[in-house]
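Some notes on the structure that comes next.
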Amino acid sequence: MSAVHEATVLAGAPLAQEIREGVRRRIDALRARNVTPGLAVVTVGEPPSGNPYVRAKCRAAESLGARATVTRLPATIDEAGLREALHALGRDPATHGVILQLPLPAPLREERHLEDIPAEKDVDGVHPLNVGRWVNGLPAHRPATPLGVVALLRRHAGDLSGKRVVIVGRSRIVGRPLSVFLSERKEGLNATVTLCHSGTRDLASHTREADILVVAMGKRAAITADHVRPGAIVVDVGIHVVENPQPGGRKYEGDVDFESVRRVASAVTPVPGGVGPLTVAMLLSNLADAAERAAGAGPAA
Ligand SMILES: NC(=O)c1ccc[n+]([C@@H]2O[C@H](COP(=O)([O-])OP(=O)(O)OC[C@H]3O[C@@H](n4cnc5c(N)ncnc54)[C@H](OP(=O)(O)O)[C@@H]3O)[C@@H](O)[C@H]2O)c1
């Protein structure tokens with residue numbers, strides 16, 4: 001009887017910890033010069049219980065010696081009010097990085113606010129100046145989640161040159177920037193990328209071609225073993241909160257049906273504990289970049 005194949009579980013936490021240790025050293029050096037990196041998160045219409053992702057970002061920033069504040073705006077705020085709140089943080093010298101937590105409640109539209117955070121404080125890497133720079137391979141703040149996915153793939157799969165990567169989802173903060181980063185003509189990258197979305201016909205015919213499949217579609221357990229080529233590496237970006245039948249329990253699931261996919265793939269990221277910790281680590285790295293630049297000590301912009 002042959003043993004049932006099970007994929008390697010690609011945990012993000014050990015690599016995230018390494019990245020955070022590097023960021024901690026940079027923040028220590030800044031604080032020695034009396035500069036405390038400041039992260040400001042703006043939420044609109046947050047539930048009274050708060051937002052667990054915002055809490056995680058702030059806790060992580062504080063654990064490394066940065067300052068983190070949350071500006072909670074009501075769901076009723078209008079475009080001008082949100083713009084003014086973002087401009088105020090843009091002017092604040094103690095704030096080095098600003099995040100506008102998405103999605104925004106209707107009728108606010110995120111694309112109307114992309115330029116309300118100054119490019120140098122846009123640690124999510126979505127300001128058109130930053131996007132224009134990273135598309136052209138220039139130094140810029142880059143979105144944290146795709147940076148985390150690239151770091152994980154480089155660590156696990158080594159050289160990605162010529163690998164067939166299929167990404168499901170073309171969002172501003174995950175799928176689209178990831179497609180740009182992985183296809184950069186750079187040592188270790190240089191992959192062949194297919195970007196799928198809701199207009200893609202016969203999704204599985206594309207995903208089954210992938211050496212590396214990255215899923216960021218926001219649909220719980222939508223990718224099953226039938227979508228995966230045997231031996232592929234599968235990265236699950238999705239996060240869904242699932243009410244657990246156990247009393248008081250809550251659990252998280254991804255866009256990938258982990259139990260079926262692990263029997264086909266060579267490696268698969270778990271949810272939680274896969275991409276999430278890397279996103280937070282990369283965000284803190286962006287914050288350190290911003291604070292170093294503001295202090296005149298940083299990497300070239
Ligand atoms: N782990 C982390 O750190 C992290 C960070 C960010 C986001 N997330 C999670 O990742 C997931 C995706 O978030 P996001 O912000 O990138 O995406 P999003 O803005 O929710 O967009 C989803 C993307 O998936 C595509 N899509 C939806 N259904 C599809 C289908 N049936 N077939 C093919 N494509 C389909 C959409 O296509 P269209 O463009 O055509 O609509 C869109 O491009 C969410 O669960 C989110 O919570 C996790």
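The values are calculated or read from the model by the stated rules, or taken from the named source; none is laboratory data. Note that the coordinates shown come from a computational prediction; the quantities given were computed from them, not determined experimentally. Cβ atoms come from the backbone with ideal geometry, glycine included; neighbour counts cover every protein chain shown. Ligands, DNA and RNA are excluded from the accessible area calculation, which covers all protein heavy atoms including side chains. Shrake-Rupley method; radii C 1.70, N 1.55, O 1.52, S 1.80 Å.
Across the range 240-271, what is the number of residues that are at pLDDT 95 or above and assigned to a loop (DSSP other than H, G, I, E, B)? Counting residues in the range 240-271 that are at pLDDT 95 or above and assigned to a loop (DSSP other than H, G, I, E, B) gives 11. Selection of first residues in the range 189-200 that are in contact (Cβ under 8 Å) with a residue 24 or more places away in the chain and closer than 17 Å to residue 172 by Cβ and of second residues that are open to solvent by 50 Å² or more (accessible area, probe 1.4 Å) and more than 6 Å from the ligand (Cβ to nearest atom), restricted to Cβ pairs under 9 Å at least 6 apart or on distinct chains, gives the following pairs, ordered by first then second residue: 193/164; 193/183; 195/176; 196/206. Scanning the range 49-56 for any residue that is over 15 Å from residue 279 (Cβ atoms), open to solvent by 60 Å² or more (accessible area, probe 1.4 Å), at pLDDT 95 or above and over 22 Å from the mean Cα position of the chain (by Cα) turns up nothing.
Cβ separations smaller than 8 Å between residues 6+ apart or across chains give the following pairs from the range 83-99 residues that are polar (S, T, N, Q) to residues that are buried (at least 23 other Cβ atoms within 10 Å of the Cβ): 95/38; 95/39; 95/40; 95/89; 95/121.
What number of residues in the range 187-205 are within 14 Å of the ligand (Cβ to nearest atom) and in contact with a helix residue (DSSP H, G or I) (Cβ under 9 Å, 6 or more places away or on another chain)?
Filtering the range 187-205 down to residues within 14 Å of the ligand (Cβ to nearest atom) leaves 194-205.
Then drop every residue that is not in contact with a helix residue (DSSP H, G or I) (Cβ under 9 Å, 6 or more places away or on another chain), which leaves 194-197, 200, 203-204.
Within the range 187-205, residues that are within 14 Å of the ligand (Cβ to nearest atom) and in contact with a helix residue (DSSP H, G or I) (Cβ under 9 Å, 6 or more places away or on another chain) number 7.
On the stretch given as the range 1-21, residues that are in a helix (DSSP H, G or I) and surrounded by 14 or more Cβ atoms within 10 Å (Cβ to Cβ) total 5. Candidates in the range 259-287 are the residues that are more than 14 Å from the ligand (Cβ to nearest atom) and open to solvent by 30 Å² or more (accessible area, probe 1.4 Å); of these, the one that is nearest to residue 151 (Cα to Cα) is 266. Restricting the search to helices (runs of 4 or more DSSP H) fully inside the range 92-182 and requiring at least 2 residues that are away from the ligand (no atom under 16 Å from the Cβ) and surrounded by fewer than 24 Cβ atoms within 10 Å (Cβ to Cβ) gives 128-135, 144-157.
Give the residue that is nearest to residue 207 (Cα to Cα), with candidates limited to residues of the range 234-250 that are aliphatic (A, V, I, L, M) and out of contact with any Ser or Thr (no Cβ under 6 Å at 6 or more places or on another chain). Result: 234.
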